[in-house]
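Values quoted throughout were computed directly from the atomic coordinates according to the rules given, and no laboratory measurement underlies them. It should be emphasised that the depicted structure is a prediction, and the values quoted were computed from it without experimental measurement. Positions of Cβ are generated from backbone atoms using ideal geometry, with glycine treated the same way; all protein chains shown enter the neighbour counts.
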Amino acid sequence: MLKISVEKIDELFKAIAEKQTLYIPTDREDGASEYKKYEDGMKLSGNLNTLRSAKDFFFPQTENLADFKMEGKKIEVIDIREEAEDFVVFGVRACDARSFTILDKVFLSDPVDSYYKNRRDHGTIVTMACTKPAETCFCQTFGIDPTEPEGDVACWSDGESIFFKANTEKGQAFVDSVSGLLEDGDTTKLDETKAKTKEIMGKLPLANLSTEAFGGDKLMEHFKSEKWAELSESCLGCGTCTFVCPTCQCYDIKDFNTGNGIKRFRCWDSCMYSDFTKMAHGNIRNSQLERFRQRFMHKLVYFPSNNNGEFGCVGCGRCMSKCPISMNIVKVMKALEVK
Amino acid sequence: MNAIDTLIPHIGVVTDIRQDTPDVKTFRVNAIQPDGTASGKVFEHMPGQCAMLSIPGVGEGMFSITSSPTNNEFMEFSIKKCGCLTSWLHAMEVGQQITIRGPYGNNFPVETELKGKDLLFIAGGIGLAPLRSVINYVRDNRENYGDVQIIYGSRSKDDLVDYQEIINEWEADPNIQVNLTIDREQEGWDGHVGFVPNYVKELNPSLSKTVLICGPPIMIKFTLAGLKELGFTETQVYTTMELRMKCAVGKCGRCNIGDKYVCKDGPVFRFDQLDELPDEY
Amino acid sequence: MQEAMISKAKQLLADGTVTRVIGWKKGEFAYDITPAIFESSEEIDRDFVYDDFTSTNVSKYLVKESKKEGKILAFLKPCDTYSLNQLTKEHRVDRDNIYVVGIPSDGKLDIEKIKAKGITGITGVERDGETLKISTVYGDETMSVADVMSNKCISCKSKKHVTYDELIGEDGEVITSDRFDMVEKLENMTSEERYNFWRGELSKCIRCNACRNVCPACTCENCVFNNPDSGVENKAAADSFEENMFHIIRAFHVAGRCTDCGECSRVCPQNIPLHLLNRKFIKDINSLYGEYQAGADTTTKAPLNDYTTEDCEASIVHERGVE
């Protein structure tokens, strides 16, 4: 398998960054990590995962959809779309890599969202296998193997070297472009690392979490559950879970008058917000219970119903660490699966 | 980039504005031709489908296309003034351009399930708007359908949308039975007085009819209950829904009823389909 | 302490003093505690917890809960009682419908600080005096409690309960803290340094609204940032300065009412030290109008709501802003 020594990783980053924009997870001052555009000297984060998910690369928090010029009674639509530049995202974890498959089902289904597709077409995803999963990890619940991540290129580290395997044509092009820095290497130690990670996976507290009780056929059963009241009683109605979630993709469209024309934006929205479904003549989800239920029903029932059983969660655990009141999808699943 | 994206709208021009009731106006929209003239339609649609209309900087909203697809000259939208965008639309003048995208959603199954059937339209207030498209489509293809009856009610005579068309064209049409009602007695009104649900029961329509119903939720609720008492089944009754929408193509995630998106899987639903879904509407 | 609280809760439920109890509920792990309402002894026995991670201030929930039928028992830590007093003063809660049992707090821990030490796969946390024993799937770890104390507890301003119907344990005293140190540091920066500090912090904001929604001082029925007619209701940032306005406006709105409970910074998913904005206001109010602690009682008029001839002149405020 092709590999590069861990010490030489900076050389690799430099080589990639010379050709296209490279993003890597790097540590901030507060210890959390986030994806940043690579610059010389930047260090790859040792954290398990970034605070924000990698969905921003394809579905940014805010983006300009179109501009409008208004003159008297006339309106001119200005298509501001431009072909994206090629870019590489390095170090994506298996959970986030799977989230792209889920986002694809929304944005690439007919009618295709050209904004998303544009970035998707130009982005190369280089994943990195996990070696130190956290207690909040439950990707295995959704059939994700963190030691065998998806992505255009998958990478593994055995502590000494980083190994590369191309999964797609785009990935192969990437590997070819840096092949001068790679050498063939023995995977004995890597196989041991993988085995050790898998052993840990089995010991994680959420290792046995199951999706068996969920899916499209359980719609009314779960919708009518009496557990929602208790589960949602202390929900603050903030958007933290939604915004750190790699698969949450509900959006709002807003116009701003710049004084020199109108800019139409798309931005993340949250079904947890009270105005999410508010209309001029009323709101169909007036209570936090209804809004809370919508979020989890979407991931555990509605999404699989519309997408051949695929759940709208990848088990990254971000909502578990970030919810201000520590309510999350795992607690919801555990409560609902008990009859 | 030249990929088509449904989120980038077309421009239409408002060529006629009719004050239908004190709070409903009907807007005629034409496409702008390459030579700058306004004529024809921005796109084709089927009865029951919707379009996203917008005034950039004010807002964008989903509206039922009120005109029939058989009208080749223009599209019409009957819009009630109730929020920010609709207030703006009500204040605009002929010649104003608007953005328009669509058509969105499914349609009343005029070419499939409804074909050959006896039809009963029941509408309340602005609820006539989406049904008007179907009614005129049926009138223009009259040979394809059986009996046609329209039961329409509003708060007052002045609140009957498209009143002129109703009395001049629909009531004059010997092949259509029109039953109008208003909520309270009013000077100059010698027609029926009373709420729609009760009127439907009084009229006791034949069970052979397939029902298309649209109006305020409370009217729909009681009318449906009344129809069931008369012996109608839920598979015989269609309605059209409206929830908050942003994208209109099932992606922005807010107009769902259970696993169905009103913008994409609706807005037209049969009541037996709604029965299988949460009552979050 | 947990045992004493459980038996107190059960007793007050049983004798009919209260119909519900607000406290904290156990989670999946050792630290993911959720505020919860208990209605029976069985529920309390099963889930009630009070430990090193029960840091949530439950006072704000009382806005809604105190308006419901039947009295509710609230276990409040000293800092939480300031929030409740402030809410009482603002007529946001029905104090008569709340039975407050004051409970001591010797400081809560911040799980993020534990994780920041590279500790993961946590299966248990046990406190033994000043030492913390943490079991993980990768082996056991120990650390000093002081190292992972939550920020809001490090700068604790009071061990005293300012409102209660009953206390468990001895009441403490208002204590002198170093809570204004960082504010002073910021004041001593040049305006450019300070601007860069806040741009750096606030640009991390994802506008999740957790700070606002958790804040006991933010109880508006319809927040200006949710009101489409306000002109500032923005989920989309039209420019990169957008999020600054949100936090600055919010800080202004809670000025003189913020008790410095620290919840805003605790819940921020991006670890923005939002409490520093509020502390700057508190420090300024103290120096301009005399020492004032919001929530210390329910009667004293707040300096910003009380106009006296002794108030500092507008020009003084103006001059202070000029470097």
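Summarising the amide proton neighbourhood of C:Gly124: residues at separation of 5 or more, or on other chains, whose placed amide H is nearer than 5 Å comprise C:Ser135.
Over region B:176-266, how many pairs of lysines fall under 16 Å by alpha carbon, counting only those 8 or more apart in sequence or from different chains? Don't skip to the answer; put the middle values down first.
Values: B:Lys201/B:Lys209; B:Lys201/B:Lys221; B:Lys201/B:Lys228; B:Lys209/B:Lys228; B:Lys246/B:Lys260; B:Lys246/B:Lys264; B:Lys251/B:Lys260; B:Lys251/B:Lys264.
Taking region B:176-266 as the scope, the lysine pair count is 8.
Note on C:Cys312 and C:Lys67: with the Förster distance fixed at 22 Å, the Cβ-Cβ geometry gives a FRET efficiency of about 0.05.
Pairwise Cα distances in region A:131-275 exceed 26 Å in 54 percent of cases. Protection proxy ranking of B:97-105, C:122-130, by the mean of other Cβ atoms within 10 Å over each peptide's residues and highest first, is B:97-105, C:122-130. The ranking of B:Ser156, A:Ser232 from fewest to most other beta carbons within 10 Å of each one's beta carbon is B:Ser156, A:Ser232. Model label points for A:Glu226 and C:Glu233, set 7 angstrom from Cα along the Cα-to-Cβ axis, are 3.7 nm apart.
Divide by every residue of chain B the summed helix terms, -39500 (n - 2.57) for each DSSP H run of at least 4, and state the resulting mean residue ellipticity at 222 nm, rounded to the nearest 500 deg cm²/dmol.
On the way: 5 runs with 48 residues, N = 281.
Rounded to the nearest 500, it is -5000 deg cm²/dmol.
Taking the square roots of five times each eigenvalue of the Cα gyration tensor of region A:2-203, the equivalent ellipsoid has semi-axes of 34, 20, 16 Å, listed largest first. Shielding by partners for peptide A:288-297, expressed as the average number of C-beta atoms from other protein chains within 10 Å of each residue's C-beta, is 2.
Its Cα gyration tensor gives region B:118-240 an equivalent ellipsoid, and the semi-axes of that ellipsoid, as √(5λ) in whole Å with the largest first, are 20, 19, 13. Among A:Gly312, A:Gly202, A:Gly282, determine the one that fluctuates most according to a GNM of chain A built with springs between C-alpha atoms less than 10 Å apart. Maximum fluctuation in the GNM of chain A, among the listed residues, is at A:Gly282.
Converting the Cα gyration tensor eigenvalues of chain A into ellipsoid dimensions via √(5λ) gives semi-axes, longest first, of 35, 29, 16 Å.
Please work out how much length the chain gains when fully extended from A:Lys339 to A:Met42, using 0.36 nm per residue of separation minus the C-alpha to C-alpha distance, in nm with one decimal. All intermediate terms of the calculation are to be shown ahead of the outcome.
Numbers: separation 297, 0.36 × 297 = 106.92 nm, distance 5.10 nm.
My answer for the length gained is 101.8 nm.
Scaled to the globular estimate 2.2 N^0.38 Å, the Cα spread of the protein assembly as shown, given as radius of gyration, is 1.05. Values of log10 I(q)/I(0) for chain B across q = 0.08 Å⁻¹ run -0.32, by the Debye formula with one identical scatterer at each alpha carbon and no solvent. Seen from a random direction on average, the alpha-carbon convex hull of region C:178-323 projects onto 10.0 square nanometres. A simple spin-label model places the labels of A:Thr168 and B:Asp173 5.2 nm from each other, with each point 7 Å out along Cα-to-Cβ.
Return the Rg/Rh ratio of region B:10-103 with Cα-based radii and a Kirkwood Rh. Could you put the intermediate results ahead of the total?
On the way: Rg = 12.2 Å, Rh = 13.1 Å.
Rounded to two decimals, Rg/Rh equals 0.93.
Placing a pseudo-label 7 Å from each Cα along the Cα-to-Cβ vector at A:Lys189 and C:Glu3 gives an inter-label distance of 5.2 nm. From least to most packed, judged by other beta carbons within 10 angstrom and beginning with the fewest, A:Ser114, A:Ser210 follow the order A:Ser210, A:Ser114.
Please label the shape of region A:269-311 as rounded, prolate or oblate, based on the square roots a ≥ b ≥ c of the eigenvalues of the alpha-carbon gyration tensor (a/c under 1.5 means rounded; beyond that, a/b larger than b/c means prolate, else oblate).
Details: a/c = 2.95, a/b = 2.28, b/c = 1.29.
Prolate.
Annotation: for a label point projected 7 angstrom from Cα along Cα→Cβ of A:His281, residues of region B:201-227 with backbone N closer than 13 Å are B:214-221.
Working note: Karplus 6.51/-1.76/1.60 with θ = phi - 60° gives region A:316-332 the couplings 6, x, 4, 5, 5, 7, 9, 4, x, 10, 6, 9, 7, 4, 5, 4, 5 Hz, where Gly and Pro are set to x. Within the listed set A:Glu82, A:Glu290, A:Glu160, the residue fluctuating most in the Gaussian network model of chain A (springs between alpha-carbon atoms under 10 angstrom) is A:Glu82. 3J(HN,Hα) couplings calculated from phi for region C:297-308 with the Karplus curve 6.51 cos²θ - 1.76 cosθ + 1.60 (θ = phi - 60°) are, in sequence order, 8, 10, 10, 4, 6, 6, x, 7, 10, 10, 9, 10 Hz; Gly and Pro show x.
What number does region A:221-339 give for Rg over Rh if you use C-alpha atoms and the Kirkwood radius? Before the final figure, lay out each step's value.
Values: Rg = 15.8 Å, Rh = 15.6 Å.
Across region A:221-339, the Cα-based Rg/Rh ratio is 1.02.
Go ahead and run the numbers for FRET between A:Asp110 and B:Glu111, Cβ-Cβ distance against an R0 of 22 Å, rounding to 0.05. Result of the calculation: an efficiency of 0.55.
State the volume of the convex hull built on the alpha-carbon positions of region C:60-184, expressed per residue in Å³ and rounded to an integer. Walk me through the intermediate numbers first.
Details: hull volume 18.4 nm³, N = 125.
Given the Cα convex hull of region C:60-184, per-residue volume reads 147 Å³.
Taking the centroid of alpha carbons for each part, region B:16-42 and region C:166-236 are 50 Å apart. Amide H to amide H, with H built 1.01 Å from N, B:Phe121 comes under 5 Å of B:Gln149, B:Ile150, B:Ile151, B:Leu212, counting only residues 5 or more places away or on other chains. Converting phi to 3J(HN,Hα) with the Karplus coefficients 6.51, -1.76 and 1.60 and the offset θ = phi - 60°, region A:285-291 yields 10, 7, 10, 5, 4, 5, 6 Hz in sequence order, with x at every glycine or proline. Rg and Dmax, both from the Cα atoms of chain C and both in Å, are 20.8, 65.
Mean residue ellipticity at 222 nm from the helices of chain A, using -39,500 (n - 2.57) per DSSP H segment of n ≥ 4 over the full residue count, to the nearest 500 deg cm²/dmol? Please list the in-between numbers first.
Working: 12 runs with 103 residues, N = 339.
It comes out at -8500 deg cm²/dmol, rounded to the nearest 500.
From the cross-link list A:Lys36/A:Lys105; A:Lys254/A:Lys278; C:Lys67/C:Lys301; C:Lys157/C:Lys283; A:Lys132/C:Lys115; A:Lys227/C:Lys8, which pairs have alpha carbons spaced over 23 Å apart?
Values: A:Lys36/A:Lys105 26 Å; A:Lys254/A:Lys278 15 Å; C:Lys67/C:Lys301 25 Å; C:Lys157/C:Lys283 13 Å; A:Lys132/C:Lys115 13 Å; A:Lys227/C:Lys8 27 Å.
As for pairs spanning more than 23 Å Cα to Cα, those are A:Lys36/A:Lys105; C:Lys67/C:Lys301; A:Lys227/C:Lys8.
A Förster radius of 35 Å, combined with the Cβ-Cβ distance separating C:Glu221 from C:Asp181, puts the computed FRET efficiency at roughly 0.45.
Reducing region C:21-87 and region A:175-254 to their Cα centroids gives an inter-centroid distance of 29 Å. Listed from fewest to most Cβ neighbours within 10 Å, the set A:Ser33, B:Ser78, B:Ser133, C:Ser177 follows the order C:Ser177, A:Ser33, B:Ser78, B:Ser133.
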